[in-house]
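The values are calculated or read from the model by the stated rules, or taken from the named source; none is laboratory data. Predicted, not measured: the structure shown is a model, and the values here were computed from it. All Cβ positions, even for glycine, are placed from backbone atoms using ideal geometry, and neighbour counts span all protein chains on display.
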Amino acid sequence: MPILPLESAIVRYPWGSRRLLAQWQSRPLPAAEPEAELWMGVHPGAPSSSGGRPLGEIIADDPVAVLGASVAARGGGLPFLFKLLAVEQPLSVQTHPDARQAAAGFDREVAAGIPLDAPQRNYRDRNHKPEIICALDRFWALSGFRAYADILDLVTEAGLPEIAPECARFAAGRDADALKTFFVALMGLDAGRTERLLSQLAAAADRRRDERPEYRWILEILRLHPGDPGVLNVLLLNLVELAPGEALYCGAGRLHCYLRGFGVELMANSDNVLRAGLTAKHVDLRELTDVLTFAPQAVAVLRPEDAVYRTPCRDFRLSVVDLTGGGVYSAGTDHGFEILAVISGRGTIRTSTPGTALDIGRGDAVAVTADTCGYEITGRLLAYKASVGAAGQE
């Protein structure tokens, strides 16, 4: 098959940017409304197409030729979804189930007669949803619970008398069970206690706004989500600032929240999200706590090794093609299905078949099918590439 230029849809959420995606695609600024994500893949919510044909249809016509024999044999079609994320305001605090939890939860909700599109539905499919986010500019996120001592230090520093009893119980335990009890208590406070606690938190953050970035984020989130206890996760989770080219991997059970920035995101093709606040969508605290891992989770900032961001997930692999200084990128004949998104610059992608070449530049995305012979990219550009992970991974 030839190289497939992709037409991909933009998904609009209130937390999106009116500048970042429009600028990437060289459209007039600002966009008419916030643009949050550009999806590259076959997800029914916003499927890509090529030449007017849906990408899913192209794959279904010949899965072995497009995806490769090993991926086609797994069933389920394209296992990943590739995105550009334009985050102007914080997303919901959330986590994702593992494959076993997803399958059991989906079947349980089907048996209960909950429609797939019901607002209270937790599991939209039977798949897990690990993901990696790679920064294209400065990118802020919350990711994983802090060490027990760090949580206590930060909560004590803030000085929140409304939750002094809960803090004392957590300090006495300092283990996973104590953290779970503490988290459930904070997220489940009645309206009166929540109002008093957030008032104390706002006052502390205002006094200490120049001491830590956490306090500035607390003030920003309270402005956007007044009265939402999800803001308390700023005290519980690691605050991370990624430089361009740095990435975070998020596996099952890891509580996280993307706060601001522009990045490429690659994930398993799933819609399973369990939320913990900063959203008008359904929050199921019981299901959330059943899925969460209540243990300190250090932040591992990923950088490319031989141009690849190493993760344990077999559904996807993120790579970088950096020709900003010029040169040639060559791929042999043993590659699988790949999607490339050009972040900056211009170049040409050509296969070893004579006459098969396509000029590409910032704002373009192309798919390379598994049966495409070897190809090369020349020019001066920066691109990110999504492909399927190696066999033997999770």
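Screening GLU195, GLU241, GLU246 for residues that are crowded, with 18+ Cβ neighbours inside 10 Å and either in contact (Cβ under 8 Å) with a residue 12 or more places away in the chain or not acidic (Asp, Glu) (or both) leaves exactly one candidate, GLU246. The residues of the stretch 266-286 that are surrounded by fewer than 20 Cβ atoms within 10 Å (Cβ to Cβ) and either without any contact (Cβ under 8 Å) to a residue 40 or more places away in the chain or not in a loop (DSSP other than H, G, I, E, B) (or both), listed by number, are ALA280, LEU285, ARG286. Among the residues of the stretch 40-65, those identified as surrounded by 12 or more Cβ atoms within 10 Å (Cβ to Cβ) and among the small types (Gly, Ala, Ser) are GLY41, GLY45, ALA46, SER48, SER49, SER50, GLY56, ALA60, ALA65. The residues of the stretch 125-145 that are crowded, with 19+ Cβ neighbours inside 10 Å and out of contact with any Cys (no Cβ under 8 Å at 6 or more places or on another chain), listed by number, are ASN127, HIS128, LYS129, CYS134, ALA135, LEU136, PHE139, GLY144, PHE145. Taking into account only those residues within the stretch 215-237 that are in contact with a strand residue (DSSP E or B) (Cβ under 9 Å, 6 or more places away or on another chain) and buried (at least 19 other Cβ atoms within 10 Å of the Cβ), which is farthest from PHE145 (Cα to Cα)? Here the residue is ILE221. Residues in the stretch 146-172 that are out of contact with any strand residue (DSSP E or B) (no Cβ under 6 Å at 6 or more places or on another chain) and surrounded by 15 or more Cβ atoms within 10 Å (Cβ to Cβ): 14 in all.
Among the residues of the stretch 12-64, those that are part of a loop (DSSP other than H, G, I, E, B), out of contact with any Pro (no Cβ under 8 Å at 6 or more places or on another chain) and under 18 Å from THR369 (Cα atoms) comprise HIS43, GLY52, ASP62.
Scanning the stretch 69-91 for residues that are over 24 Å from VAL264 (Cα atoms) and part of a loop (DSSP other than H, G, I, E, B) yields a single hit, GLY75. The set of residues from the stretch 314-328 being part of a loop (DSSP other than H, G, I, E, B) and among the small types (Gly, Ala, Ser) comprises GLY325, GLY326, GLY327. Checked against the criteria, ALA118 does not count as free of Cβ contacts under 8 Å to residues at least 60 places away in the same chain, surrounded by fewer than 23 Cβ atoms within 10 Å (Cβ to Cβ) and touching a Pro at 6+ places or on another chain (Cβ under 9 Å).
Filtering the stretch 334-357 to residues that are at pLDDT below 95 and outside any loop (DSSP other than H, G, I, E, B) leaves ARG350, THR351, ALA357.
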